[in-house]
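These notes concern the structure reproduced below.
Every number in this text was worked out from the coordinates using simple rules, so none of it is lab data. This structure is a prediction, so every number in the text was calculated from the model and none was measured. Cβ atoms come from the backbone with ideal geometry, glycine included; neighbour counts cover every protein chain shown.
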Protein chains: 2
Amino acid sequence: MMHKLLILSQEEKSYSALIEEAQLPELKIVTQPADDLDIVLGDPSLIKATLASLPALRWAQSIWAGVEPLLDPALRRDYILTNARGVFGQLMSEYIIGYLLAHERRIFQMAEDQKKKRWNNSNTGSLRGKTIGLMGVGSIGAEVARTAKFFGITVRGYTWSSETSSDVDNYYHGDKLPEFAKGLDYLVNILPNTKGTRKIINAELLSALPPHALFINVGRGPAVDEAALLEALKQKKIAGAVLDVYETEPLPQDHPFWTTPNLLMTFHTSAPSLPKDIAKVFIENYKLFIEGKLLKYKVDFEKGY
Amino acid sequence: MMHKLLILSQEEKSYSALIEEAQLPELKIVTQPADDLDIVLGDPSLIKATLASLPALRWAQSIWAGVEPLLDPALRRDYILTNARGVFGQLMSEYIIGYLLAHERRIFQMAEDQKKKRWNNSNTGSLRGKTIGLMGVGSIGAEVARTAKFFGITVRGYTWSSETSSDVDNYYHGDKLPEFAKGLDYLVNILPNTKGTRKIINAELLSALPPHALFINVGRGPAVDEAALLEALKQKKIAGAVLDVYETEPLPQDHPFWTTPNLLMTFHTSAPSLPKDIAKVFIENYKLFIEGKLLKYKVDFEKGY
């Protein structure tokens, strides 16, 4: 039996070349939706827009970890949805460690001193001996925990129930958020966007952090109460924030985040989906698919991840 | 027998408190030079200025790794000089990884995009799969190599002869500098200041690097031919430089480095001597000293390290 694959991504050509190079059996890459097309690989928002034209769809492989556009209860769920996992851990760790080091080693301050020709040789901080709190310890969080441990950072993990990473020194669940937050040097959100995570980073949680704490959001925007975060920064209840994701993306031009002091923005770029990484996930799953085996990284439409 | 210790550092009070807390036997901390004073702990330049007033000096413990001021052949060498080692590895690694991530993840560019309210979500780079060249693989270099390997970076080491770190993938010696430099993504100098390292980073070496290479100097300033580096940056023979050390420190106000594009300056702050770290080195060595044992980290006045 011949399978037909449609690729829906700005980087369609890279994906196409990488998949053709793998010479997968019984697979034809097509460029248009078709009645007998059974596989799609792509950006969840593009897949959503095409769902109605793919009556024979059996499997959709997302190139992103987050698949919110496809979770809308009004949409069909009569196909297998798999997301991209296992490839974002190092990229996310690099982002987090990069911004933690920019903070501790005063990388922006040094550039400012250079601009003003100021030989400022006061001592900088270090990661060693600090404490980080990770909200969400899935495959990405586990890799962040491993990297933090490498630098001598103590790691706390907040999860619904799982305690799978041995690099986490202490786990917290349920209503233990205030204990989890107490005394943290760094708070990092890596949670997916689900009903249970909406505005989980709110005024109460931010107030539980010490004033020197840095908050980083690489999970999803809706996890943060944006008004509460602005207020916490304004009142200096925390030292700073680094945000990669937002309630609305791209962030509207009139949003106060653009101009808030001690807030560094990036643009949903913390863990880019690189075709060479994601094509590997697809190729591995395709081999399972044609053998009728269980696919890896299957999304539960109810849970949302 | 009672030993007398003089502490010569801006952070004399911290050192004094830490050493007193250790309750070392037969040790008296004094605040002035004396004829019967036998031990000094401090900044090498301050020790140099005091050498003539310490006729009974038997041991000087430097709080820095670099001891250039005490290597002047005109000075006496009738005492044991030990330097600080083993404590700078993580701090130096943090500095190097911090600036490599700032470079790859475009941390300054993102801040500029934020300032201009530009949602720039183009993909960033990653450390994984890159190649770093370390000039000097002593205790600091070995720790930098270990950190680089953690992030999936291939490590080359240039040393006189030693090949002690197993985290270095390939070693180069003697006249093999051009082979060492070829194709490097990052070149990092960690060499001490000795006759053999003077201007070792010169026009020829810089020309052997690819145009996307980043150069970082955390060793000593005289290792770099500063005019050649300026020219290489101007001609875009390399992508950028991060400098922590200079031929003359503090850097003179009229030096072109302050205003050179793609050059980031820091102020001899890459691995600060933190009293809590250095006091440990002194305490360990003092115990060896009173037992008449060999001290750790003894400097060879001829070799210079």
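For segment A:212-305, what's the relative contact order in percent, using C-alpha pairs closer than 8 Å and at least 6 residues apart?
Reported relative contact order: 24 percent.
What number comes out for the charge environment of A:Lys182, summing +1 per Lys or Arg and -1 per Asp or Glu over other residues with Cβ under 15 Å away?
Summing Lys/Arg as +1 and Asp/Glu as -1 gives -1.
Cα gyration tensor of segment B:32-89, axes a ≥ b ≥ c as square roots of the eigenvalues: rounded (a/c below 1.5), prolate (a/b > b/c) or oblate?
Judged from the Cα gyration tensor, segment B:32-89 comes out prolate (a/c at least 1.5, a/b above b/c).
What dipole magnitude, in Debye to the nearest 20, does segment B:89-265 give about its Cα centre under +1 on Lys/Arg Cβ and -1 on Asp/Glu Cβ?
I would put it at about 600 debye.
Given the -39500 (n - 2.57) contribution per DSSP H run of 4+ residues, what per-residue ellipticity at 222 nm results for chain A, rounded to the nearest 500 deg cm²/dmol?
-8500 deg cm²/dmol, from helical runs alone.
What are the GluC sites (Glu not before Pro) within segment A:1-104 that DSSP puts in a loop, where the Cβ has at most 13 other Cβ atoms within 10 Å?
A:Glu26
May I ask for the angle, rounded to the nearest 10°, between helix A:12-21 and the longest principal axis of chain A, with both axes built from Cα atoms and the value confined to 0 to 90°?
Taking the Cα atoms of chain A, the angle to A:12-21 is about 60 degrees.
Using only alpha carbon pairs under 8 Å that are at least six residues apart, calculate the relative contact order of segment B:89-265 and give it in whole percent.
For segment B:89-265, the relative contact order is 16 percent.
So which lysines can B:Lys130 reach, going by Cα to Cα under 17 Å and dropping same-chain residues fewer than 8 places off?
Of all the lysines, those that pass the test against B:Lys130 - Cα under 17 Å, at least 8 places apart if same chain - are A:Lys276, B:Lys149, B:Lys182.
Place the label 7 angstrom along Cα→C-beta at B:Arg76 and in each other copy, then list the distances from the first to the rest in nm, shortest first.
With the label placed 7 Å along Cα→Cβ, B:Arg76 yields 9.2 nm.
Could you name the aspartates and glutamates whose alpha carbon sits less than 13 Å from that of B:Lys116, not counting residues in the same chain fewer than 8 places away?
Excluding near neighbours in sequence, the set is A:Asp254.
Considering all projection directions equally, how large on average is the shadow of the alpha-carbon convex hull of chain B, in square nanometres?
18.0
Fewest first, what order do B:Arg58, A:Arg220 take by the number of other Cβ atoms within 10 Å?
By the 10 Å Cβ count, ascending: B:Arg58, A:Arg220.
Using only Cα atoms, find the angle between the long axis of helix A:139-150 and the longest principal axis of chain A, and express it within 0 to 90 degrees, rounded to the nearest 10.
40
Return one number: the angle in degrees, 0 to 90 and rounded to the nearest 10, between the long axis of the Cα atoms of helix A:89-104 and the longest principal axis of the Cα atoms of chain A.
The angle comes out near 20 degrees.
Find, to one decimal place in angstroms, the Kirkwood hydrodynamic radius of the protein assembly as shown, where the mean of 1/r is taken over every pair of different Cα atoms and then inverted.
One over the average 1/r among Cα pairs gives 27.0 Å for the protein assembly as shown.
Could you work out how far apart the two model spin labels at A:Asn262 and B:Glu302 are, taking each label as a point 7 Å from the Cα in the direction of the beta carbon, and quote it in nm?
Simple spin-label model gives 5.7 nm for this pair.
Give me the log10 of I(q) over I(0) for segment A:99-187 at q = 0.15 Å⁻¹, as the Debye formula computes it from C-alpha points; what are the numbers?
Per q value, in the given order, log10 I(q)/I(0) is -0.61.
Over all distinct Cα pairs, what is the inverse of the mean 1/r for segment B:153-215, reported as the Kirkwood hydrodynamic radius in Å?
12.4
Can you tell me, using C-alpha contacts under 8 Å and at least 6 residues apart, the relative contact order of chain A as a whole percent?
Here the relative contact order equals 16 percent.
From the square roots a ≥ b ≥ c of the eigenvalues of the alpha-carbon gyration tensor of segment B:20-133, which class results: rounded (a/c under 1.5), prolate (a/b over b/c), or oblate?
prolate
How far apart, in nm, are the 7 Å Cα→Cβ label points at A:Met2 and B:Ile283?
Simple spin-label model gives 7.7 nm for this pair.
For B:Lys4, give me every one of the aspartates and glutamates with a C-alpha distance below 19 angstrom, ignoring sequence neighbours fewer than eight places off in its own chain.
Here the aspartates and glutamates satisfying the reach criterion relative to B:Lys4 are B:Glu12, B:Glu20, B:Glu21, B:Glu26, B:Asp35, B:Asp36, B:Asp38, B:Asp43, B:Asp78, B:Glu284, B:Glu291.
Need the C-alpha centroid separation for segment A:229-277 versus segment B:190-250, integer Å.
Segment A:229-277 and segment B:190-250 have Cα centres separated by 36 Å.
So, counting K/R as plus one and D/E as minus one, what does the shell of residues with Cβ under 12 Å around A:Gly221 add up to?
-3
Does segment A:89-265 classify as rounded, prolate or oblate by the C-alpha gyration tensor (a ≥ b ≥ c root eigenvalues; a/c under 1.5 gives rounded; else a/b over b/c gives prolate, otherwise oblate)?
Because a/c hits 1.5 or more and a/b fails to exceed b/c, segment A:89-265 counts as oblate.
Pop a pseudo-label 7 angstrom from the Cα along the beta-carbon direction at both B:Ser14 and A:Asp72 and give the gap in nm to one decimal.
5.8
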